[in-house]
Structures are given as C-alpha cells and as structure tokens.
1. When 1/r is averaged over all different Cα pairs and the result inverted, which Kirkwood radius in Å belongs to the stretch 170-221?
2. Calculate the dipole size of the stretch 109-150 relative to its Cα centre from +1 charges on Lys and Arg beta carbons and -1 charges on Asp and Glu beta carbons; express the result in debye to the nearest 20.
3. Divide, for the stretch 103-146, the radius of gyration over alpha carbons by 2.2 N^0.38 Å, where N is the residue count.
4. Calculate, for Ser162 and Gln206, the FRET efficiency according to 1/(1 + (r/R0)^6) with r their C-beta to C-beta distance and R0 25 Å; round to the nearest 0.05.
5. Given Cβ point charges of +1 (Lys, Arg) and -1 (Asp, Glu) and nothing else, what value in debye, to the nearest 20, does the dipole of the stretch 149-208 about its Cα centre take?
6. Applying a 10 Å radius around every beta-carbon, put 173-180, 190-197, 137-144, 205-212 in order of their mean neighbour count, most first.
7. For the stretch 83-204, count the residues as N, evaluate 2.2 N^0.38 Å, and divide the Cα radius of gyration by that value, please.
8. So for each of 152-159, 163-170 I average, over its residues, the number of other beta carbons within 10 Å; can you give me the resulting order with the highest mean first?
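Nothing in this text is a laboratory measurement; each read-out follows from the coordinates by a stated rule. This structure is a prediction, so every number in the text was calculated from the model and none was measured. So basically every Cβ, Gly included, is an ideal-geometry build from the backbone, and we count neighbours across all protein chains shown.
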Amino acid sequence: MARNGNHRNEVVTVTGWSTTQAYTLAVVCLVLGAALGYLLRGSEPAAVVPAQAAVQQPGNMGPGQIPGFSGMQGGASSPEMVDKAAQPMLEALKTNPRDASTLAKVGNLYYDAQLYPKAIDYYSRALKITPDNADIRTDMGTAMFYLGDADKALAEFQKSLSYQPNHANTLFNTGIVKWQGKKDTKGAIQAWETLLKTNPSYPERQKVEDLITRAKEHAQS
C-alpha cells in the first residue's frame, strides 16, 4: 500500500457480506491498524509507521478505504499548501524533467496529502522513465485503490511483481486490496503467504499472520 478530497462520512459496504462479517473485518483491521496504520508505501519498510497515523472508525470511511487503515500521515493539507511545498522540486524538474526520483518525491508529497490524482500523475511520469521501479508502481497502485479503483490497483501491483516478484509491500497491499476491494479472500491469503515465504525476515510478520488467520476465519463464517 499506501495518504483525496473524495472522503465522505459513510460506511464502505461490500455486496454479499453480512453485517456480522463486515463488523468482524472492521474489528480486525482496527486492531491491526494501530500497528500498520495504512496500506504500505512501496518505498517504505513495513516497520516504519508514523506515530500520528489515524485509525479510523468503521462509520467514518471514504470510497475504497479499509477500516483501520488511514491513507494519510497526520492530516490532509490544503492543495495550495502542498503545491507550495512541492515548488522547489517542481522548479528542479524544469531543469531536469526526466529526474524520476524527484518526480516520485513530488508524487509522494501529493499522496501523503491525499491528493491522489496529482500523485498518480507524477508517479506515472516517473514510471515512463523507470518502468521497472516497483516502489513507485506500488505507490501509484495504492493511490488508485484509495480513489476506489481496485482493478487498476491490482493491475499495477501485478506489473510491480513482474519486475520484483518478492516485493514485500506490493504483496502486502495486493492482499489487502484483494480482500477488501475484490472480496477475494483466497487471493488475499495467497498473496500474504507468498510474502511470508519469500521474505522470511519481514518485520511485520506477526501482523501478516494475524491477517491470514482472520481472513481464513472470515471465509468460513
């Protein structure tokens, strides 16, 4: 994973899930959210979670969001403030417009402010230069999910894994999006099991094991 002005005070429901199942998922994610915080950024180690990351209540969700997983760090900023913060990097890009690293950093700035369309724009520019960068592609896919498009998110994750099959945060986010965005519990479990198998020293291993356990329980309920 993960960080739009599309947020509304509504409960995200998934067709075909009972109230009990949805509540169970909310409780699970609220518990794990305190440690994980949000969908993981492609370039961020899983253990690095801002202390101020908000844990959302199930009744205060926006499109494409997961209970307990906040897409931002410490609160959204106004677009004007973010544009101002990005200005030095944008000036640098005028001199070197093919600087993929700076393009990605601008994307990260807009991502963290929940300005996902702008984040996707800069990530896509960076990927035209470095298409095999799994970190950037994971971030772009996660931004797409926060905009409510699970299919596009998963397509980007799949591309990321085609370049780096063991990319931990891509696998983690794939599991979350498959479970919450596509109701594909089996696919989610498979992604997380692959994550643990290919990354035996994954710092949030226990959290992933808990997610697998809860997903299996949900599938049987």
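1. 10.7
2. Values: 4 positive and 6 negative charges, 30 e Å.
That gives the stretch 109-150 a dipole magnitude of about 140 debye.
3. Working: Rg = 8.9 Å, N = 44, 2.2 N^0.38 = 9.3 Å.
Computed over Cα atoms of the stretch 103-146, the ratio equals 0.96.
4. Working: r = 29 Å, r/R0 = 1.15.
Efficiency at R0 = 25 Å is approximately 0.30.
5. Details: 9 positive and 6 negative charges, 27 e Å.
Approximately 140 debye in magnitude.
6. Numbers: 173-180: 26.5, 190-197: 18.4, 137-144: 30.9, 205-212: 16.9.
The densest-packed peptide leads the list: 137-144, 173-180, 190-197, 205-212.
7. Details: Rg = 15.1 Å, N = 122, 2.2 N^0.38 = 13.7 Å.
So the Cα radius of gyration is 1.11 times the expected 2.2 N^0.38 Å.
8. Details: 152-159: 21.6, 163-170: 19.8.
Packing order, densest peptide first, comes out as 152-159, 163-170.
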